1. Restricting things to alpha carbons, find the Rg to Rh ratio for the range 2-194 using the Kirkwood radius for Rh.
2. Any idea what the relative contact order of the chain is, in percent, if you count C-alpha pairs under 8 Å spaced at least 6 apart?
3. Please check which bits of the range 43-63 a label hung off residue 37 would reach, taking the label as a point 7 Å along Cα-to-C-beta and the cut-off as backbone N under 16 Å.
4. For the pair residue 104/residue 59, report the inter-label distance in nm, with labels modelled 7 Å from Cα in the Cβ direction.
5. Rank these for me by crowding, 95, 104, going from fewest to most other beta carbons within 10 Å.
6. Along the charge dipole of the range 118-195, pointing to its positive end and built from +1/-1 on Cβ of Lys, Arg, Asp and Glu, which listed residue (146, 169, 185) has its Cα farthest out?
7. What are the aspartates and glutamates whose alpha-carbon lies under 14 Å from the alpha-carbon of residue 19, with same-chain residues fewer than 8 places away excluded?
8. Give the calculated FRET efficiency between residue 164 and residue 193 to the nearest 0.05, with a Förster radius of 30 Å applied to their Cβ-Cβ distance.
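Here, each number is a calculation from the coordinates, and none is a lab measurement. As the structure is a computational prediction, the values presented were derived from the model and not from experiment. Glycine gets a Cβ as well: all are built from the backbone with ideal geometry, and neighbour counts include every protein chain shown.
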Amino acid sequence: MDFLSSYRVILGSGSPRRKALLEAIGISFEVQIRSIDETFPDSHKGAEITDYLAKLKASPFLSELKNNDILITSDTLVWHEGKALGKPNSAEEAKQMLRSLSGKVHQVITSVCFSTLKKQYIVNDTTKVFFKTFTEQEIDYYITHFKPFDKAGAYGIQEWIGLVGVERIEGSYETVVGFPVFLVYKNLQSIVESN
């Protein structure tokens, strides 16, 4: 996009889904990855967690930012019955997560942090997802064939389980995928306009 021609946009994420969504809106960017310990305070709930982690993911980059750099970091989680469901550590944990989501409504929260030399902005978005009731065979099939261990709540809405299991959503589909593109675009415009 022309309005970003004098900026270097850095996506601080290894997620192929975030990369594809940013490419889809015509933004030139580079991917840089820094690993951090994604631990958050126990007192945090819902969007407080994703806001905290999106900001934390920016911290290793801040000392390297130059004048016209815009760093984008992001975090997504599934919030269900007062608990955060992050990425599962095993097939058994993934099965437990999907069993708990089966036949119920949950929220997917994605936060995006924009960092420049001058300022840091954090935005978030929440979408409600309504799941059908899954059979054990469906859960086993999905985990065996799609190995959703890099996804919050142990599922990707764009994969098989989303196609057969999501009855409806209230909110942004892209937020569930892990990157609310409408918010990203709007905030990039605001950053450029305010400089």
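1. 0.99
2. Rounded, it is 21 percent for the chain.
3. Within reach of a label on residue 37: 53, 56-57, 59-60.
4. 3.1
5. Placing the least packed residue first, the sequence is 104, 95.
6. Looking along the dipole axis, the top candidate is 185.
7. Excluding near neighbours in sequence, the set is 30, 75, 174.
8. 0.10
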